[in-house]
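What follows is a set of notes on a single structure, which appears directly below.
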């Protein structure tokens, strides 16, 4: 559970006439991690794709292009027989390509025409209110034409220059079309500039703009109907061919994978050599399958992982199903190395624990749990499902701590008397029970545990939890070091931290007068020397981090209190708006404030506890034992969804 799957290096050698059969067998097993060949010093070279490689790749590109055009989405369909898909692939692909190409070409042509008409309409719109045929805007020898936009009324100034003009204008838009004798053109141009004249290009058409616009808009509407008709035909094609497209895409993807395998494998003129990794539990199946597929003509050798190969072994998790969602958290950081402890199962405990300690509210737990179950059911995604499972685990922890804290959406479930003032709880008759005085501060431990009245105690408790968590990390680091570098290296690098902590504890007891301080200082110095010898100068430099890391866990109470105060503030604002008048117009506003405030705090209740819990894993815990950097196990094969053999 704390170790990754154990792997074996497997080498398969054979004659090229059994190469394709070997590839087919490896692909079908879907458990062999193929290692790319990159050492041509051995006299071997990477191979060339199988003969069908180019044809299969072209078909795959075509089917995906069609799929993208039709908007085919992955979904649940009845699995189709692979041989049947193969038989009809060429015929159906040509048929589908013709159908799509015909409609694609027609649609593009119509859309281009529509765009051209829309461009003409935009050009005509400024002249829509001018009742002049567009041919009359040009072609004169003695008349100048000004068409554009002005700000203000130009007619009074224009009449000062000449009475021989004709002006068409639209006062709302400022559009003018002015005809004057060319001899007055310069003077008119000067006047127009005073009115911020902006010339407009006159469309090269014939006809009155308003009439042209009516016809063009009708043409655009007709073209839109044609596009919608084509879209309906395309949707019909999508429905008709979706199953075929999905099955063909899968089939061609598989064949492309197989065809391109020689580009990753060492070959000579007559032989091939496949090198890779397989989980120990799958080796017998692999060996038997290859032997059956090649009639025993392939040579298979198996070797255990050597110390030098630890960094290149592909990593496959080996966790129980219940903890597998937390592999996503590990992947965000890094997969473990082959000989490292896999902390996935440990995060399964500590991550929800810290999350629940931070949030600890029954109301938010129920809301977020319902939300997680809803998303999990509605969104059929392999990426979303594990994240929702993590959220569900965290809400179970939150629910438990919500019962311990006695909190529901910022309300206290139990009544409490503090400083002579009685604060009623949400549940009538449920009173806070005093248990015993806190050993860390002048505070009373109660049930439910009121965090806002036990701040100092909670700070100390969370710091102690951090110390335990950190030391557990050192213990795991000790195990990792002993496994990789021997017992003495583990004692010096990780055991030294335990000695240092014991020395600090003894020194603290000496300071309080229980024992002699000398013993504590002596033990501390022994640990310091061990650390210096084990980790070099970087070890002592990290000593202050021991205290800061422990104090980082106090964010559990700090972030938790911030959530409580936000919730209680929302409650107070909402209820203060309602209480003076019992019911009235402000009641609706108060309800909105209540809902919006808690909705916002619900979002924060996902982000803040999640991020801080994650930080405590990555920064405070992992740094004590975990390096990571493992290569992802990526077996050669394909998980079929739409086809079957």
request  = Among the numbered conditions (1) on the phi < 0 side of the Ramachandran plot; (2) surrounded by fewer than 18 Cβ atoms within 10 Å (Cβ to Cβ); (3) not in a helix (DSSP H, G or I), tell me where residue 513 comes up short.
outcome  = (1)
Search result, residues across the range 435-445 that are surrounded by 11 or more Cβ atoms within 10 Å (Cβ to Cβ) and part of a strand (DSSP E or B) = 435, 437, 444, 445
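Matching residues to (1) within 30 Å of residue 495 (Cβ to Cβ); (2) in contact with a helix residue (DSSP H, G or I) (Cβ under 7 Å, 6 or more places away or on another chain); (3) free of Cβ contacts under 8 Å to residues at least 40 places away in the same chain; (4) part of a helix (DSSP H, G or I):
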{"residue": "524", "(1), (2), (3), (4)": "yes, yes, yes, yes"}
{"residue": "531", "(1), (2), (3), (4)": "yes, yes, yes, yes"}
{"residue": "557", "(1), (2), (3), (4)": "no, yes, no, yes"}
{"residue": "570", "(1), (2), (3), (4)": "no, yes, no, yes"}
{"residue": "588", "(1), (2), (3), (4)": "no, no, yes, yes"}
task = Being assigned to a helix (DSSP H, G or I) and touching a strand residue (DSSP E or B) at 6+ places or on another chain (Cβ under 8 Å) is the filter; apply it to the range 177-220 and report the residue that is surrounded by the most Cβ atoms within 10 Å (Cβ to Cβ).
result = 188
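Yes or no, residue by residue, for (1) buried (at least 17 other Cβ atoms within 10 Å of the Cβ); (2) outside any helix (DSSP H, G or I); (3) modelled with pLDDT under 95:
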site: 308; (1), (2), (3): no, no, yes
site: 311; (1), (2), (3): no, yes, yes
site: 337; (1), (2), (3): yes, yes, yes
site: 352; (1), (2), (3): yes, no, no
Answer residue from the range 29-38, given it is loosely packed, with under 15 Cβ neighbours inside 10 Å and in contact (Cβ under 8 Å) with a residue 24 or more places away in the chain and is farthest from residue 307 (Cα to Cα) among those = 30
ask   = Do we find that residue 470 is closer than 30 Å to residue 559 by Cβ, within 39 Å of the chain's Cα centre (by Cα) and modelled with pLDDT under 90 in this structure?
value = no
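For (1) touching a strand residue (DSSP E or B) at 6+ places or on another chain (Cβ under 6 Å); (2) closer than 18 Å to residue 29 by Cβ; (3) not in a strand (DSSP E or B), each residue gets a yes or a no:
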| residue | (1), (2), (3) |
| --- | --- |
| 252 | no, no, yes |
| 263 | yes, no, yes |
| 278 | yes, yes, no |
| 282 | no, yes, yes |
| 285 | no, yes, yes |
| 296 | no, yes, yes |
| 302 | yes, yes, no |
note = Residues of the range 148-162 being in contact with a helix residue (DSSP H, G or I) (Cβ under 7 Å, 6 or more places away or on another chain) and assigned to a loop (DSSP other than H, G, I, E, B), in sequence order, are 150, 154, 162
query = Which residues, taken from the range 604-627, are in contact with a helix residue (DSSP H, G or I) (Cβ under 6 Å, 6 or more places away or on another chain) and part of a loop (DSSP other than H, G, I, E, B)?
reply = 625
task = State the number of residues belonging to the range 401-434 that are in a loop (DSSP other than H, G, I, E, B) and either within 25 Å of residue 363 (Cβ to Cβ) or touching a residue at least 40 places away in the same chain (Cβ under 8 Å) (or both).
result = 13
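So which residues in the range 48-78 are crowded, with 17+ Cβ neighbours inside 10 Å and not in a helix (DSSP H, G or I)?
Residues satisfying the conditions are 50, 72.
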request  = Identify the single condition in (1) more than 38 Å from the chain's Cα centre (by Cα); (2) over 25 Å from residue 559 (Cβ atoms); (3) crowded, with 17+ Cβ neighbours inside 10 Å that residue 481 does not satisfy, given that it satisfies every other one.
outcome  = (1)
Residue satisfying condition, being under 25 Å from the mean Cα position of the chain (by Cα) and at pLDDT below 90, within set 615, 640 = 640
query = Checking residue 262 against (1) surrounded by 12 or more Cβ atoms within 10 Å (Cβ to Cβ); (2) more than 30 Å from residue 18 (Cβ to Cβ); (3) modelled with pLDDT of 90 or more, which single condition isn't satisfied?
reply = (2)
task = State whether the residues of the range 381-390 include one that is crowded, with 20+ Cβ neighbours inside 10 Å, modelled with pLDDT of 95 or more and closer than 30 Å to residue 445 by Cα.
result = no
remark   = residue 139 passes all but one of the listed conditions (1) over 29 Å from residue 632 (Cβ atoms); (2) at pLDDT 90 or above; the exception is number (2)
request  = Run down 9, 21 and say which single residue is surrounded by 14 or more Cβ atoms within 10 Å (Cβ to Cβ) and outside any helix (DSSP H, G or I).
outcome  = 9
query = Does the range 359-366 contain any residue that is surrounded by 21 or more Cβ atoms within 10 Å (Cβ to Cβ) and in a loop (DSSP other than H, G, I, E, B)?
reply = yes
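The values are calculated or read from the model by the stated rules, or taken from the named source; none is laboratory data. Bear in mind that the values here come from a model prediction, so they are computed numbers and not experimental data. Every residue, glycine among them, receives a Cβ derived from its backbone with ideal geometry; neighbour counts consider all protein chains shown.
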